[in-house]
Amino acid sequence: MICTSATSYKRKRWQLPDAPPDPAAVEHLANALRLPPLIAQLLIQRGLTSPAAALAFLEPKFKDLHSPYLLPNMHAAADRIVAAVRNHQKITLYGDYDVDGITGTAMLWHTLTAAGANVHTYIPHRVDEGYGLNTDAINALADSGTQLLITIDCGCSAIDPITYARSRNLDVIVSDHHEFPPNGQLPPATAIVHPRLPATQDSGLRTQDYPNPDLCGAGVAFKLAWAVAQKLCNAERVNDTYRALLMEFTALAALGTIADVVPLTGENRIIVKHGLDQLARTQLPGLRALIHAAGYGRDSDRTLDCTAVGFALAPRLNAAGRMDHAREAVELLTTATGQRAEELAAWLEEQNRDRQSTERKMADLAKQQIGDRQSAIGNDLDLILVAAHDSFHAGVVGIVASRLVDAFHRPAFVLAQGPTELHGSARSIPNFDLHLAIDHVRDLLLSGGGHAMAGGVKLPLHHLDEFRQRLNDYARLHLSEDDLIPTLPIDAVITLADCTPAVISHLERLEPFGRGNPRPRFLLENLRLSAPPRRVGVTGNHLQLTLSSPPPTPRLARAIAFKMGDLEPQLPLGTPLHLIVEPKLDTFNHITKVDLVILDLARCDNEPFTSP
């Protein structure tokens with residue numbers, strides 16, 4: 001740890017690795033793969049200690065994807081789906097309303113449509129129906145003639161709804177990746193395809209657990225589509241139609257994998273690496289329209305990477321379910337072509353702008369409530385933040401909870417308030433298990449659940465004060481002062497001599513970056529401002545710095561500090577600085593240079609900056 005929590009601009013504690021890798025191991029890996037030592041060090045720190053493991057990481061191969069039949073009950077699930085196709089039974093795909101569910105639903109729809117199946121889709125309304133299966137929907141689907149119901153990104157805990165569906169003579173196949181019920185009971189589905197279901201609960205001959213327990217819902221749907229295609233073709237090698245579809249599905253699976261923030265390691269890395277390549281050349285009309293509407297069209301020089309998916313494409317797909325209904329997003333990725341695809345992409349653009357505006361207003365109001373409460377109780381902030389208002393949009397509460405966590409580094413609940421009930425979402429911080437906190441107040445709730453970092457609750461309005469109080473009583477026993485200080489992990493200490501295009505080009509071989517494989521961050525020590533800082537951007541919100549390293553090997557570098565323009569008066573010429581940076585390559589007019597993106601900075605003399 002570096003004691004910067006009181007002095008850095010972001011008030012974060014800078015955290016270096018506990019111990020650097022063995023220099024001999026770094027040298028061996030660097031020589032074996034002809035890598036700069038810095039890159040070899042990063043690979044070893046990420047657990048890739050052998051040349052074979054490191055090479056597989058740097059050059060992920062499509063052929064290294066696991067067989068779909070390693071997933072539990074895959075044979076039974078695929079056989080039942082193929083039987084429904086050949087017997088012309090009505091199949092309904094019941095998908096979740098987020099990107100994971102939308103893309104998974106689209107993959108299975110295309111797979112079954114290519115086989116001439118009688119296939120339909122159903123997406124529940126986020127506010128009116130809530131997450132997962134419900135008996136009203138099951139009734140409507142059964143009445144409409146559905147004989148096989150396939151869930152996508154939901155269903156593994158839907159014991160009562162699936163029990164009811166079986167009573168209505170529906171066969172149900174569950175494809176999901178979420179948590180099972182705490183008591184271990186499974187729904188009475190025809191087959192459950194889930195990456196964390198133990199081999200002992202497989203109806204087939206599988207003898208080992210699935211090698212990638214972190215497969216997301218779209219990943220499970222991708223594997224299910226793959227297995228169904230093989231069964232339909234009666235061969236391991238599918239025909240040209242399905243081969244082309246499966247390649248398209250890598251793009252959809254990558255969208256879901258990135259949006260669901262699962263670890264981008266192992267098989268997930270393979271899916272995302274190849275899926276991003278496919279995204280740039282997709283022939284799916286709706287996906288092409290979405291990409292163009294987001295500003296990544298054919299005439300754009302912007303790269304379709306994890307950032308593009310996470311901050312441009314995924315929010316637009318999610319906006320449908322948050323602000324209205326996700327069925328339009330499913331239509332975009334399934335039946336929409338030509339003008340209809342462009343109309344839907346434009347509509348999603350409008351929904352996303354509406355979501356952004358709503359999010360800003362809600363976040364401002366939530367922060368005002370937190371400040372008012374802090375003033376009222378006359379001491380520090382609550383350990384767990386709870387904001388509730390009758391103007392809060394139920395589809396945006398989770399995003400706003402994340403914004404509060406970012407702003408205050410405390411667990412946060414944001415609740416939409418109705419006449420008699422509250423319902424909303426929560427997000428947490430490291431070292432605080434939100435699921436256990438929700439269990440602690442379960443007697444106050446109408447429903448609630450989640451996992452360590454995220455959850456959702458519904459409770460009577462008259463329980464709000466007690467809900468807040470008991471959560472904070474619980475937090476006082478389970479949160480320390482250290483837990484409330486945000487940390488900024490650092491991969492290594494480097495110098496400006498390391499920031500060359502030759503080195504950073506190797507650094508970019510570690511992409512795609514995301515959870516489990518974050519973009520490397522480095523500490524640059526004892527640099528000086530060699531020119532006055534310059535505010536840039538339309539509103540002067542960003543800061544451009546020119547820096548120099550000390551003798552005996554002085555070097556110059558330019559860096560950009562986004563949203564730190566207010567620091568300009570506090571940085572006179574010659575100020576000595578430590579910086580945390582993410583180096584990136586930038587090519588303009590055929591000239592490639594390294595950009596240093598500043599994440600945080602601190603004075604070398606430990607004098608604090610004025611709070612942002």
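The values are calculated or read from the model by the stated rules, or taken from the named source; none is laboratory data. Fair warning: this is a prediction, and the values are worked out from it, not measured in the lab. Here the Cβ is made from the backbone with ideal geometry for all residues, glycine too, and neighbour counts use every protein chain on show. Please note that ligands, DNA and RNA were not included when accessible areas were found on the heavy atoms of the full protein model with its side chains. Shrake-Rupley method; radii C 1.70, N 1.55, O 1.52, S 1.80 Å.
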Practice task
Looking only at the stretch 8-16, decide whether some residue is over 27 Å from the mean Cα position of the chain (by Cα) and assigned to a helix (DSSP H, G or I).
Solution key: no
Fill in the blank from the handout: Counting only residues that are without any contact (Cβ under 8 Å) to a residue 60 or more places away in the chain and either touching a Pro at 6+ places or on another chain (Cβ under 9 Å) or not acidic (Asp, Glu) (or both), the stretch 4-32 contains a total of 12
Practice task
Can you confirm whether the stretch 501-519 contains a residue that is open to solvent by 60 Å² or more (accessible area, probe 1.4 Å) and closer than 24 Å to Leu567 by Cα?
Solution key: no
Exercise for the section: Have a look at Ile438, Ile429 and point out the one that is farther than 24 Å from Arg126 by Cα and open to solvent by less than 20 Å² (accessible area, probe 1.4 Å). Expected result: Ile429
Completion exercise
Among strands (runs of 3 or more DSSP E) entirely inside the stretch 72-175, those with 2 or more residues being in contact (Cβ under 8 Å) with a residue 12 or more places away in the chain and open to solvent by 10 Å² or more (accessible area, probe 1.4 Å) are 118-122
Problem - Subset of the stretch 291-335 that is of a type in the set (S, T, N, Q) and within 18 Å of the chain's Cα centre (by Cα) - its residue that is farthest from Ile102 (Cα to Cα) - result: Thr307
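Conditions (1) in contact with a strand residue (DSSP E or B) (Cβ under 6 Å, 6 or more places away or on another chain); (2) not aliphatic (A, V, I, L, M), marked per residue:
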| site | (1), (2) |
| --- | --- |
| Val405 | yes, no |
| Leu444 | yes, no |
| Leu459 | yes, no |
| Leu479 | no, no |
| Pro501 | yes, yes |
| Ile504 | yes, no |
Problem - Leu29 vs. criteria modelled with pLDDT of 95 or more and either part of a loop (DSSP other than H, G, I, E, B) or within 20 Å of Arg519 (Cβ to Cβ) (or both) - result: no
Completion exercise
With the first residue restricted to the stretch 504-533 and required to be without any contact (Cβ under 8 Å) to a residue 60 or more places away in the chain and hydroxyl-bearing (Ser, Thr, Tyr), and the second required to be assigned to a strand (DSSP E or B) and open to solvent by 60 Å² or more (accessible area, probe 1.4 Å), Cβ contacts under 8 Å at 6 or more apart or on different chains are Ser530/Leu556
Practice task
Scan the stretch 300-326 for residues that are surrounded by 24 or more Cβ atoms within 10 Å (Cβ to Cβ) and assigned to a loop (DSSP other than H, G, I, E, B) and report the count.
Solution key: 1
Problem - Filtered residue count, the stretch 265-299, keeping only those that are touching a residue at least 40 places away in the same chain (Cβ under 8 Å), under 17 Å from Lys63 (Cα atoms) and surrounded by fewer than 24 Cβ atoms within 10 Å (Cβ to Cβ) - result: 8
Exercise for the section: Could you tell me whether the stretch 233-244 includes any residue that is open to solvent by less than 30 Å² (accessible area, probe 1.4 Å) and part of a helix (DSSP H, G or I)? Expected result: yes
Fill in the blank from the handout: Counting only strands (runs of 3 or more DSSP E) wholly inside the stretch 430-541, the ones holding at least 3 residues that are over 28 Å from the mean Cα position of the chain (by Cα) are 522-529, 534-536
